[in-house]
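The values are calculated or read from the model by the stated rules, or taken from the named source; none is laboratory data. Being a predicted model, the structure only gives us computed values, none of them experimental. Reconstructed Cβ throughout: ideal geometry from the backbone, glycine too, with neighbour counts over all protein chains shown.
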Amino acid sequence: MLPGIKRLAPFEWEVPIGTVPGMRVPGRFFLSDELAKTLEDGAVQQLANVATMPGIIKNSLAMPDIHWGYGFPIGGVAAFSIEDGVISPGGVGFDINCGVRILTTPLQEKDLKKKRELIERLFNAVPTGVGAKSTLRLSYKELESMLTGGARWAVRQGFGMESDLLHCEEQGAMGGADPGAVSAKARQRGMPQSGTLGAGNHFLEIQAVREIFHEKAAGSCGLFPGQICIMIHCGSRGLGHQVCTEHLRVLEGATKKYGIILPDRQLACAPILSPEGKAYFGAMAASANYAWANRQVIMHMVRQVFSEMFDIPYEEMTLVYDVAHNVAKMEEHIVDGRRMKVCVHRKGATRAFGPGAPDLPREYVSLGQPVIIPGSMGTSSFLLHGTQEAMVRTFGSTCHGSGRIMSRTKAKKALSGQEVKESLAAEGIIVRAPHDGAIADEAPGVYKPSDEVVRVVDSAGISRLIARFVPLGVIKG
Amino acid sequence: MRLRKNLIALMSFEELEHTADIRIRVEAATLEELFSEAAQALMTIMYGSISPGNIRRHVEMDADDIISLIQEFLSEILFISEVEDLVFSGAEVRIAGNNLIADLTGEPFSKMKHLGGREVKGISYSDLSIGRERDSYILEVIFDV
């Protein structure tokens with residue numbers, strides 16, 4: 001670990017001012033001794049770089065899935081003052097509103113006799129992988145509505161139910177979206193990709209509820225032991241990637257214009273209230289809405305397959321919740337005893353609002369916001385809930401996944417896609433992907449153990465465990 | 001000749017260690033070749049293998065500096081490839097100052113042929129560098145995947 005890093009509590013560490021020149025606030029991250037073994041200096045350096053950005057409040061933060069990314073570290077969280085702070089695509093990433101949702105079914109593990117057939121039908125229903133095209137034919141006007149309406153647009157088009165919207169962060173549509181700031185090129189990429197899963201770490205997984213840690217909370221979420229659920233993980237596809245690329249270029253210019261000195265060009269930023277900052281926020285919110293619509297459309301396809309194959313009513317498959325883990329949002333937080341509006345960047349981190357948060361549906365008000373932590377292929381996923389502790393210490397944020405520990409080059413040398421597939425099959429997990437390379441890249445061993453990551457956030461109190469899910473079948477892009 | 005060209009394309013870059021994304025190093029004798037090799041590297045990563053084709057595209061761009069120029073050039077190739085379903089295997093590049101003109105050649109994307117790759121989301125500015133080592137130009141770049 002880099003010199004100077006101090007342990008503050010069993011799971012909390014501080015990166016002091018001065019670790020890189022120009023830090024305005026200390027860095028702070030959450031990690032166990034076990035996870036500290038794989039902490040990269042590059043990730044800590046990136047955490048410290050974020051602390052140099054103008055208007056950052058309290059700390060540059062990282063969750064226990066911290067790893068080396070670009071711009072912010074993955075697992076990074078930072079809040080900026082609206083008046084004198086900045087907004088940066090480097091704190092959101094190329095895949096704007098990459099996120100995850102979990103859908104319940106009334107089925108139990110024993111009902112899943114034709115698992116291979118189910119996987120095949122889902123694989124055929126949801127366009128997946130590099131070059132996959134949407135079955136939707138969007139007009140220019142419809143895309144525009146999707147960019148402002150998000151999941152709400154999708155539900156109006158018949159892809160889901162009104163109640164789904166209450167179970168999405170921002171009710172599936174972020175305010176402040178400005179389709180005018182989304183270029184023709186971004187739209188060109190977005191049009192044929194709505195309702196496609198994408199590739200890389202994105203997936204669609206059939207899971208079973210294996211362990212319940214908090215019975216009352218699990219009940220509120222509609223979960224029972226042995227229940228079949230479906231997890232969907234994807235983002236804003238090429239549209240969001242293009243928005244990031246183009247606004248990064250604009251903000252590069254803005255960084256110079258406003259005289260901001262940065263240690264990494266990927267942190268290019270502009271004052272939140274500047275024309276460049278506002279344009280990025282508007283385009284980012286529109287991309288986030290595209291992603292919510294996208295996950296809503298995919299969930300509709302999944303419900304249709306389950307409905308037909310198992311003869312279960314569509315409306316009996318309820319959405320537990322949908323979270324974004326690459327996004328910047330305007331939120332109110334209490335800072336030094338004073339309620340203030342701040343811009344919270346979460347890059348590979350999940351919002352984890354505590355009980356009573358205004359954005360929550362009735363059934364979660366006393367519990368806190370559901371938080372979904374996907375595992376890697378073959379490892380457990382978890383449902384947690386947000387806490388008051390998170391509101392105080394992390395601007396209502398927690399981890400987003402397990403976090404990689406092995407590079408893709410090493411992963412490929414270690415095991416072939418075929419070998420990974422066979423070893424998972426031996427555990428009863430079916431993997432379906434367009435090609436085996438996609439499987440080796442994302443094999444379970446390349447990630448930090450997901451149970452250790454959630455143990456840390458649970459122990460640190462920034463979210464609390466509700467249930468654990470095990471994978472039964474995975475579709476990888 | 002075809003095979004040789006292909007082999008050269010495959011050997012012209014190496015993947016460096018990076019935990020989450022793909023970090024590559026490209027080496028070439030001239031700046032123009034460096035850009036051309038980088039384009040081929042991007043396509044090889046996205047589509048597994050690339051082979052010559054007779055479809056042509058022309059791109060021109062200006063940037064503030066050479067780092068922005070390579071970032072914008074690769075971002076543009078990524079864009080054209082995705083929206084037009086094209087897999088480029090060659091790029092004839094001319095650079096004057098921070099201005100670039102390139103003629104790209106390639107073939108249509110085929111699901112059967114180009115299934116060995118990984119989706120690249122964007123070209124990162126983090127750790128993006130172009131330097132000189134002896135008689136060569138060296139590029140290091142991270143692709144977000």
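Observations
- When the strands (runs of 3 or more DSSP E) confined to region B:62-145 are screened for residues that are under 27 Å from residue A:269 (Cβ atoms) and within 7 Å of chain A (Cβ to nearest Cβ), those reaching at least 2 such residues are found at B:122-133, B:136-144.
- Residue within region A:341-351 that is in contact with a helix residue (DSSP H, G or I) (Cβ under 7 Å, 6 or more places away or on another chain) and surrounded by fewer than 24 Cβ atoms within 10 Å (Cβ to Cβ) present: no
- Test: residue in region A:424-435 that is among the acidic types (Asp, Glu), part of a helix (DSSP H, G or I) and more than 18 Å from the chain's Cα centre (by Cα): no
- Within the set A:253, A:282, the sole residue that is within 14 Å of chain B (Cβ to nearest Cβ) and either closer than 17 Å to residue A:84 by Cα or of a type outside the set (Val, Ile, Thr) (or both) turns out to be A:253.
- Lone qualifier among B:90, B:131, B:48, B:97 - being in contact with a strand residue (DSSP E or B) (Cβ under 9 Å, 6 or more places away or on another chain) and in contact (Cβ under 8 Å) with a residue 40 or more places away in the chain: B:90
- Within region A:24-47, the set of residues being away from every other protein chain (no Cβ under 14 Å) and surrounded by 24 or more Cβ atoms within 10 Å (Cβ to Cβ) comprises A:27, A:29, A:30, A:31.
Conditions tested, residue by residue: (1) crowded, with 17+ Cβ neighbours inside 10 Å; (2) closer than 28 Å to residue A:240 by Cα.
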position: B:29; (1), (2): no, no
position: B:69; (1), (2): yes, yes
position: B:98; (1), (2): no, yes
position: B:105; (1), (2): no, yes
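- Among the residues making up region A:418-445, a single one is touching a Ser or Thr at 6+ places or on another chain (Cβ under 7 Å) and crowded, with 23+ Cβ neighbours inside 10 Å: A:442.
- Evaluation of residue A:46 against (1) under 15 Å from residue A:88 (Cβ atoms); (2) free of Cβ contacts under 8 Å to residues at least 60 places away in the same chain (one fails), failing number: (2)
- Residues being touching a residue at least 24 places away in the same chain (Cβ under 8 Å), touching a Lys or Arg at 6+ places or on another chain (Cβ under 9 Å) and outside any helix (DSSP H, G or I) - total across region A:240-284: 3
- Residue selected from region A:25-83 under the condition among the hydroxyl-bearing types (Ser, Thr, Tyr) and part of a strand (DSSP E or B), by the criterion farthest from the chain's Cα centre (by Cα): A:81
- Residue within region A:98-116 that is within 14 Å of another protein chain (Cβ to nearest Cβ), more than 17 Å from residue A:233 (Cα to Cα) and crowded, with 24+ Cβ neighbours inside 10 Å present: no
- Residues in region A:373-414 that are within 14 Å of chain B (Cβ to nearest Cβ), surrounded by fewer than 24 Cβ atoms within 10 Å (Cβ to Cβ) and in contact with a Lys or Arg (Cβ under 7 Å, 6 or more places away or on another chain): A:405 alone.
- Scanning region A:175-199 for residues that are touching a strand residue (DSSP E or B) at 6+ places or on another chain (Cβ under 8 Å) and on the phi > 0 side of the Ramachandran plot returns A:176, A:198.
- Looking only at region B:85-119, residues that are among the charged types (D, E, K, R), touching a Gly at 6+ places or on another chain (Cβ under 9 Å) and at pLDDT 90 or above come to 3 in all.
- Residue under evaluation residue B:49, criteria (1) polar (S, T, N, Q); (2) within 19 Å of residue B:129 (Cα to Cα); (3) modelled with pLDDT under 95, criterion not met: (2)
- Flag if residue A:453 is touching a helix residue (DSSP H, G or I) at 6+ places or on another chain (Cβ under 8 Å), more than 14 Å from chain B (Cβ to nearest Cβ) and without any contact (Cβ under 8 Å) to a residue 60 or more places away in the chain: no
- Residues that are at pLDDT 95 or above, over 20 Å from the mean Cα position of the chain (by Cα) and of a type in the set (S, T, N, Q), drawn from region A:98-134: A:105, A:108
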